[in-house]
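One structure is given here, and the rest of the page talks about it.
What follows is calculated from the coordinates using simple rules that are stated; it is not laboratory data. What you see is a predicted model; the values in this text were computed from it and never measured.
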Amino acid sequence: MTACALVYLAVGVLARTVLKTRPSAARAVTRDSGAMMIVIGGFLLVERLVR
């Protein structure tokens, strides 16, 4: 579990460093991750309603 936490921390720090220097990439990542969250939420909702 500690190894996962360290990996996620490293990825987060690296992502912040890279995206801070590229605002257009940061906007694209934000837009794409938001869209993916909506799709996943819709999938989970449909899955729950089908059961």
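Couple of notes before you dig in:
- From its DSSP helices (H runs of at least four residues, each -39,500 (n - 2.57)), the chain gives a residue-normalised ellipticity at 222 nm of -33000 deg cm²/dmol.
- Stokes-Einstein diffusion of the chain at 20 °C, 1.002 mPa s viscosity, Kirkwood radius from Cα pairs, rounded to a whole number: 163 µm²/s.
- Nearest 10 degrees, 0 to 90: helix 2-21 Cα axis against the chain principal axis: 70 degrees
- Between 0 and 90°, nearest 10: helix 23-50 axis offset from the chain longest Cα axis: 20 degrees
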